[in-house]
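In what follows, a single structure is set out as structure tokens and then discussed.
Readers should treat all values here as calculations from the given coordinates under stated rules, not as data from a laboratory. What you see is a predicted model, and the numbers here were worked out from it, not measured in a lab. Here the Cβ is made from the backbone with ideal geometry for all residues, glycine too, and neighbour counts use every protein chain on show.
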Amino acid sequence: MSFGYIDVIPSQPSRIPSTSPNPIHELVHSCNSTRTTSITSCTDLRSDYYSAQVSGLQTDILQLSASRAMHIQSIPMWEGTGNNYAYLVSDDKTREAVIIDPAHPKEVLPVLDEKTKAGLKLSTIINTHHHHDHAGGNEEIASVTHPFHRSPIDLSQLKHYPLPIIGGRDCTRVTKTPAHKETFNIGSISVTALHTPCHTQDSVCFFFQDGSDKAVFTGDTLFIGGCGRFFEGTAPEMHKALNETLAALPDDTKVFPGHEYTKGNVKFAKTVAGDNEAVQKLDSYSQANKETQGKFTIGDEKKHNVFMLYADPKIQKAVGQTEPVEVVKALRAMKDKS
Ligand SMILES: [Zn+2]
């Protein structure tokens with residue numbers, strides 16, 4: 001019994017066989033840009049484990065083991081312009097990892113190189129939608145991260161990439177588009193695809209759960225304090241995506257959007273939400289922190305995201321509408337002009 005928890009504590013990271021070529025390494029060293037991107041969101045089970053071990057709290061160890069095996073590392077891309085995020089999500093038990101929206105290989109590959117050398121096994125690319133600043137890196141990432149491929153290769157000769165690409169139907173070189181609510185596993189992490197058409201018709205959000213740890217990767221559908229433009233869809237679709245599909249997730253699900261747009265979203269929210277306390281808190285946080293991804297939950301969004309506050313009398317008054325879809329539609333029109 002006293003060692004029962006050992007099974008779920010990660011062992012030393014497994015290594016790619018030393019005989020395998022490391023094309024990521026080769027490519028990274030041939031890149032002009034090799035700067036290291038910042039790590040902004042990464043839980044560390046091992047440090048928790050050792051802290052707990054020192055204190056002798058086995059109960060805590062068990063809880064940590066069950067709830068903190070999912071690592072999420074943000075990779076900022078195009079800082080100062082697009083302010084995109086790619087995310088590297090890994091399962092601490094199996095070291096299996098996926099990369100979400102790795103659109104800018106020059107900023108993503110150095111991170112993958114470092115993590116691969118440390119034993120992480122990248123198994124899949126995931127895309128939230130087809131826009132180039134989300135799915136535009138698929139070809140390069142898929143080709144250079146597979147151990148049997150060396151750069152340069154003739155991409156046009158490959159009909160199917162060995163590294164699966166899971167995403168919306170219009171994403172570059174997508175190999176699998178999961179059905180709405182279809183689930184698959186990344187090691188011990190359960191992933192559920194949630195179709196949220198509007199920003200694009202192929203928009204898919206991905207809900208990750210590992211024990212009590214929950215995260216949703218929302219692409220350009222839901223931002224912290226805002227939502228994406230309705231490029232290919234309608235207000236009823238966005239209302240359904242935000243206020244039915246995503247709102248149905250557990251309130252303690254952390255939100256990881258495709259862009260850092262929080263400051264702009266708060267600026268707009270303040271014009272329609274009056275003295276909303278949650279909006280004011282988000283305002284303070286975004287002024288003090290450059291990055292906000294993973295710091296707020298679905299429960300928080302229901303309190304400070306005006307597109308999810310369609311029933312709030314102050315917001316209804318500000319937009320001159322009361323029907324939920326009309327409120328969402330009016331808010332988006334106002335935001336587009338702001
Ligand atoms: Zn987009």
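A compact table of results
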{"quantity": "Whole-Hz ³J(HN,Hα) from phi, Karplus 6.51 cos²θ - 1.76 cosθ + 1.60, for the stretch 248-255, glycine and proline x", "calculated": "7, 5, x, 4, 8, 7, 6, 9"}
{"quantity": "Isotropically averaged projected area of the stretch 262-338, using the convex hull of Cα atoms (one quarter of hull area), nm²", "calculated": "4.8 nm²"}
{"quantity": "Partners for LYS335 among lysines (Cα-Cα distance below 21 Å; same-chain residues under 8 apart left out)", "calculated": "LYS240, LYS263, LYS267, LYS270, LYS281, LYS302, LYS303, LYS314, LYS317"}
{"quantity": "SER338-GLU232 FRET efficiency (beta carbon distance; Förster radius 22 Å; 0.05 resolution)", "calculated": "0.55"}
{"quantity": "FRET efficiency, ASP275 to GLN201 (Cβ-Cβ, R0 35 Å, nearest 0.05)", "calculated": "0.40"}
